[in-house]
Amino acid sequence: MIKRISAVTAALALATVGFIVPAQAATTEADCGTAGAFCVGLVTDLGKVDDKSFNQASWDGAKAGAAKAGGFSKYIETTDSKDYAKNIALFADKGYNVIVTVGFLMGDATAAAGVKYPKIKFIGVDQFNASTATNVTGLIFDEDKAGFLAGYLAGYLTKTNKIGGVFGMKEVLPVRKFGEGFENGIAYAGKERSKKIKSTVVYHAAGDNAFSDPAWGATTANQLLTQGFDIIFGAGGSTGNGALGKVAQKAGALCIGVDIDQYYTVPEAKSCIVTSAEKKLTLGVSTLVAQAKAATIKGGNYVGEVGLSPFHDLSSKVPAVVKVRLKKITTGVLAGSVSTGFKG
Amino acid sequence: MKMLSKRNGYFLVAILATGFFYFNGSDVTTSVYATGTVFALPLALAAMVGIMCERTGIVNIGIEGTMLLSAFVAFFVSSLTQNIIIGLIAAIFTGSMMGLILAVMAVSWRMDQIIAGTIINILATGLTSFLYVQGRTIPGVFQSFEIPILSKIPFFGPVLFIHGALTFAGIIIILALYVAIYHTTWGLRSRAVGEHPSSADTAGVSVVRLRYINVTIAGAIGALAGAYLSLELVGSFERGFTAGKGFTALALMIFGRWNPLGALAAAMFFGLAQAYANQLMIDQIVNIPSQFTAALPYIMTIVVLTISAGKVRPPAAEGQPYEKGQA
C-alpha cells in the first residue's frame, strides 16, 4: 500500500514538474552516469517541444548530437518558470553528461546549476554566459546581423517605403538585437537606393504573454498594414506568428519570419514569408553536444551561425540584382566588415 | 439606469478626443480607431458573457476557458472539414456545452462558483494543450467586407463598418443584449433572479430554468468571441491563444457596471489605449521608452478606475446558489 501511495505521489510530482519523454532506446536512461554512457538532457523553456520555434530547433540539435555520439537523449517540458532548477536537477541527479537549457530566461538557473554540478556540461541556448565556469557554455547568436540582413532585403523589396516589425518584449536582449539590426539594415538599404524608408518596430508589453499573444500580433500587424506598411517582420514566438498570419491575408504584402525557417512551421503564412532571419539553433546545439562528447567544449560563449532562409515560393519577387547585392552584404555582415550599428 | 457615472463619461470623452486630435493625420486617425475597435471586440463580447451570467446571479470566471476551447474547436473543426462555417457551428456548440456544464455545477450541484469556473479554465487549458497539433491550416478566414453606404461615412465608416462577419455579429449581439436586459420581460426576470431570487420565485419565475438558459446562451457568446479570434482575426490557433482576455473582460464588466453598453465603452477605451500605445511606437515622434508606451493601456485603465469609478454594486444574489424556501 505504501508503495502504491509513493508511486502515485511520484507520478503526481512528475506531472507537476513536466512530462518526460525518451527519444530513443539504444542506450537507456539506466546507463546514465556509468562509464562509457553519454546522456544528453534538454529542458525546454515555458512551452512545448513542438513549438515551431526555439524549443523544437534546440531539441532537434540535442537529439542529432546525442545520436551521432551514440548516446541517449531526453527532454523535459517546463510548465512553470519556477521549475527551471527542479527540471535541471532531474537530469543532473541521474548522472547526465550534458544538459541543454533553452531560452534567455533560464540563464540564471543554468549558471546556478553549473556551480552545483561541476562535472556536468551545461549548454545554455540563447544565454549569454558571464561566468568563468568551464562547464557552462552559452550558445549565443548575433541577432543584430540576422535582423540587419532581413532589413536590408526588405529595404529593397518595399514598394510603399514603409517597413514595420511586430515583436515580443524589448527586455529580452535577442529581441532587441533583432529589432535594432533590422531598422539599421533598412536604413542601410535606403541609403544605397537614396530613398527615405520609414521603419518602425512595435514591441509587446512586457509580461507573461509577451511571446504568446497572437491576437495582439495580428491586430498590430493590421494597424501597420492599414497605414501602408507593406513588409512586416514578426519576431516573438506566437505573438510574431499572429502577425505573419495577418500579413498573409493581405494581397501584395510580404512578411519575414524569425529564429528558424518559418516557411515550414507557420503554414498559414506561407504565401507571404519571403525569408526568415534565422539563428542556426539546431546546428549550434548539435555542434556543442559533439564538442562535449569529444571533451573539446570550452566555457564562456559560443557564437552560432545566423543568416537568411531561402526565399521559397517568393523567389521570383526578389530581383536578381537584389539577390546579388544581398549575397555581397551577407558576406560583409557575417565577416564583420559591415557594421550592424547595434550598440547594446 | 446609468451605464457610466458622469465623471467616468467625461473622462472617456476627454481621452478619446485627445487621441483624435493627436493622431489627426486622417488615414492614421482612422487606422488607430479601427485598430482600437479590433482590440475591443473580443473583450467586449467576453464581457457580455460575464454580464449575462452575473445578471442572473451566477459568477462566471470560466470565460477564458470557454473562449480558449471554442477557439480551438473552431480552428480544428474548420481545418478538418475545410469549412469555416462548420467550424463556427462546432465552436458555438462547444461554448454552449461549457455554459451548460457551469450551470449544472453552479445551479444544480450548488458548487462554489469560483471553483466551478476554475474547473472550466483548467479543463480548457489542459484539453487544448494536449490535443493541439501543429501544422494545420484553415481554408481562409471570415474576410472583411464593407457594409454598403454606411462604410462611406467619413471616419465612422472605416472604423465601424469594414469588418468581418463575426465582428458585425458581435456588435449586433451586444446591442441586442442591452435592449433585451432592460426592455424585455426576459431581461426583467433575469435581473430579478440576480437581485432577489426568492421574490422572483414567488412571482412565478423559475429561477433554476432561467439560470440554466442564460448561462448556456452566455457560453455560446463566449464561443463567438473565441471563434472570432481563431477564424477571423488571426486565422490560426496556438496554445494559450486567448492570452488572458477572459479575465480582462471581467474587469471591463465591472468598469461598465454590468451594463452591456457600459462594458462596450470600457472595452473601446481599453482597446483604443492599446492602439494609441502602438501608434506612439510606430510614429516615434516623442522618444518615450517602449516599456512605458506598452504599459500605457494598463496605466490609463488604473487611473480612470481610481479617479472615476465611484461605487459599483454587483447584482445582489451574485454567487449564491438558490434553494427554494430560503430567503
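Peptide A:198-211 has a mean of 5 when you count, residue by residue, the C-beta atoms of other protein chains within 10 Å of its C-beta. From helices alone, chain A scores -13000 deg cm²/dmol at 222 nm; the rule is -39500 (n - 2.57) for each run of n ≥ 4 DSSP H residues, then divide by the residue total.
Along each principal axis, taking the top coordinate minus the bottom one, the Cα set of the stretch A:111-169 gives 56, 19, 14 Å in descending order. In angstrom, the C-alpha Rg and Dmax of the stretch B:113-221 are 20.1, 56. For chain A, the longest principal axis of the Cα atoms and the long axis of helix A:143-157 meet at an angle of about 30 degrees.
Ratio of alpha-carbon Rg to the 2.2 N^0.38 Å globular estimate for the stretch B:57-121, to two decimals, please. So the Cα radius of gyration is 1.22 times the expected 2.2 N^0.38 Å. Helix B:6-22 and the long axis of chain B differ in direction by around 30°, with both axes built from C-alpha atoms.
Once you divide the Cα radius of gyration of the stretch A:224-280 by 2.2 N^0.38 Å, the number left is 0.99.
A simple spin-label model places the labels of B:Y298 and A:Y264 3.7 nm from each other, with each point 7 Å out along Cα-to-Cβ.
Of A:F104, A:F54, A:F178, which is the most mobile in a GNM of chain A whose springs link Cα atoms less than 10 angstrom apart? Taking springs between Cα atoms under 10 Å, the residue moving most is A:F104.
Between A:K191 and A:D93, the contour length at 0.36 nm per residue exceeds the Cα-Cα span by 29.7 nm. Of chain A, which part is the longest with no trypsin sites (Lys or Arg not before Pro) in a loop (DSSP not H, G, I, E, B) and with at most 15 other C-beta atoms within 10 angstrom? Between the exposed loop sites, the longest stretch runs A:197-297.
Annotation: extensible slack from B:L100 through B:K152 equals 14.5 nm (criterion: 0.36 nm per residue apart, minus Cα-Cα distance). With 27 Å as the limit, the listed pairs A:K48/A:K298; A:K170/A:K280; A:K52/A:K343; A:K298/A:K328; A:K198/B:K152 have A:K48/A:K298; A:K52/A:K343; A:K298/A:K328; A:K198/B:K152 beyond it between alpha carbons. Taking 16 Å as the straight-line reach from the Cα of A:K94, the lysines in range (excluding those fewer than 8 positions away in the same chain) are A:K74, A:K86, A:K116, A:K119, A:K121.
The alpha carbons of chain B occupy a box of 65, 50, 41 Å along the principal axes, longest dimension given first. Separation of the alpha carbons by more than 21 angstrom is noted, of A:K63/A:K270; A:K195/A:K270; A:K177/A:K279; A:K63/A:K279; A:K279/A:K327; A:K162/A:K195, for A:K63/A:K270; A:K195/A:K270. Here the label points at A:S315 and B:T306, each 7 Å from Cα along the C-beta direction, are separated by 5.9 nm in the simple model. First obtain the Kirkwood hydrodynamic radius of chain A from its Cα pairs, then insert it into the Stokes-Einstein equation at 4 °C and 1.567 mPa s, and state the resulting D in µm² per second as a whole number. Answer from the Stokes-Einstein relation: 62 µm²/s. Between the Cα long axis of helix A:214-226 and the first principal axis of chain A there is an angle of about 10°, rounded to the nearest 10.
Here the calculated FRET efficiency for A:T28 and B:T118, from their Cβ-Cβ distance with R0 = 56 Å, stands at 0.90, rounded to the nearest 0.05. Ordering B:V73, B:V304 from the fewest to the most neighbouring beta carbons within 10 Å gives B:V304, B:V73. Placing a label point 7 Å from the Cα of A:A335 along the Cα-to-Cβ direction, the residues of the stretch A:286-312 whose backbone N falls under 19 Å of that point are A:305-308. Its residue count N fixes a reference of 2.2 N^0.38 Å for the protein assembly as shown, and the Cα radius of gyration divided by that reference is 1.02.
What is the diffusion coefficient of the stretch B:106-166 in µm²/s, taking the Kirkwood radius over Cα pairs and the Stokes-Einstein relation at 20 °C with a viscosity of 1.002 mPa s? This corresponds to a translational diffusion coefficient of 134 µm²/s. Mind telling me which of A:G36, A:G71, A:G61 comes out most flexible in a GNM of chain A, alpha-carbon contacts under 10 Å? Among A:G36, A:G71, A:G61, the largest mean-square fluctuation in the Gaussian network model of chain A belongs to A:G36. Expressed to the nearest 5 percent, the antiparallel share of DSSP beta bridges inside chain A is 15 percent.
Could you identify which residue out of B:Q134, B:Q82, B:Q113 has the top mean-square fluctuation in a GNM of chain B using Cα springs shorter than 10 Å? Among B:Q134, B:Q82, B:Q113, the largest GNM mean-square fluctuation belongs to B:Q134. With loop membership from DSSP and a limit of 16 other Cβ atoms within 10 Å, the longest segment of chain B without chymotrypsin sites (Phe, Trp or Tyr not before Pro) is B:156-327. Calculated mean residue ellipticity, 222 nm, chain B: -22500 deg cm²/dmol, from DSSP H runs (n ≥ 4) at -39500 (n - 2.57) each, averaged per residue and rounded to 500. Computed extension gain for B:S144 through B:L175, at 0.36 nm per residue and net of the alpha carbon distance, reaches 9.1 nm. Once the Cβ-Cβ distance of B:L188 and B:Q134 is raised to the sixth power relative to R0 = 56 Å, the FRET efficiency obtained is 0.70.
Values quoted throughout were computed directly from the atomic coordinates according to the rules given, and no laboratory measurement underlies them. Just so you know, these numbers come straight off a predicted model, no measurement behind them. Heads up, the Cβs are rebuilt from the backbone with ideal geometry, glycines too, and the neighbour counts pull from every protein chain shown.
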